[in-house]
1. How much FRET efficiency would the formula 1/(1 + (r/R0)^6) give for residue 51 and residue 148, where r is the Cβ-Cβ distance and R0 is 41 Å, rounded to 0.05?
2. At a 1.4 Å probe radius, carbon and sulfur cover how many percent of the accessible area of segment 30-114?
3. Residue 50: net charge of surrounding residues, Cβ under 14 Å, Lys/Arg +1, Asp/Glu -1, itself excluded?
4. Checking the cross-link filter: which lysines have an alpha carbon closer than 30 Å to that of residue 16, excluding same-chain neighbours under 8 positions apart?
5. If you stretched the chain out fully between residue 105 and residue 1, how much longer would it get, using 0.36 nm times the residue separation minus the C-alpha to C-alpha distance?
6. Per-residue ellipticity at 222 nm for the chain, helices alone: DSSP H runs ≥ 4 residues times -39500 (n - 2.57), over residue total, nearest 500 deg cm²/dmol?
7. Separation between the residue 201 and residue 120 pseudo-spin-labels, each 7 Å from Cα along Cα→Cβ, expressed in nm?
8. Hey, if you put +1 on the Cβ of every Lys and Arg and -1 on every Asp and Glu Cβ in segment 65-217, which of 193, 87, 100 ends up farthest toward the positive end of that dipole?
Amino acid sequence: METFSDLATAAYCPRKLYYRRRDDDRGPPEKIERIRALATRYEALLDSATDLSAEPIATTPTQYRSNLGSAKARLDCWETLADPPKTDVLLEGKDCRGIAHKLLEDPAVPVVVSAGEPPERGVWEPQSVRATAAAKALAWEREEPIERAFVEYPAYGRIRKIRLTTRRKATYRRALRTVQSLDGPPPRLHDDSRCGPCEYRGQCGVKTRSLRSRLPL
């Protein structure tokens, strides 16, 4: 059975998933775990008495608390997001299995926590695929429809609610087919925005252009 993590990686780059599987390198680094841990400490982080200088946040303390404060005012389920009844819950669906970093109840909603930077609006495709996978697995277990999920970016204090639209489900199915058919190194992407920060760039052999080469003449 495929994992949520593999589906998210395939949505980012199938070739990256190939290297991760080949090297059996799919566990999160300690830095990522430290960032994810922020997602269960939101109330303490909002407290002005908490020193944020030693925390793995990616904004200024003022901006960070502003972001969290905005989420607290906007979300009617803030209390359960900040103090979730269940964390790191294994979900097993018909086609995939994996960990929901938080699981809310009444109604049941899975939460995916990302260590990266959020887009200006919405969520990145890999996190959308992972959240959709979690929601579909939860729906399979509970035998009830799950039509929304949350994606959190705790290093930035951002929380995004997503709906499981037809488009998101189609993207999830495409990632699932990619993972199921992976039996060798897929073609290189040659995508500067994705290849540039990839830890497998040297092995992959992809060449990314410098910033200067991408500037208009």
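The values are calculated or read from the model by the stated rules, or taken from the named source; none is laboratory data. Just so it is clear, the model here is predicted, and its values are computed rather than measured. Neighbour counts are summed over all protein chains in view; Cβ atoms, including those assigned to glycine, are modelled from backbone coordinates with ideal geometry. Note: accessible area is taken over every heavy atom of the protein model, side chains too, but ligands, DNA and RNA are not part of it. Shrake-Rupley method; radii C 1.70, N 1.55, O 1.52, S 1.80 Å.
1. 0.75
2. 48 percent
3. -2
4. 31, 94, 102, 136, 161, 169, 207
5. 34.9 nm
6. -12500 deg cm²/dmol
7. Output for this residue pair reads 2.4 nm.
8. The listed residue farthest towards the positive side: 193.
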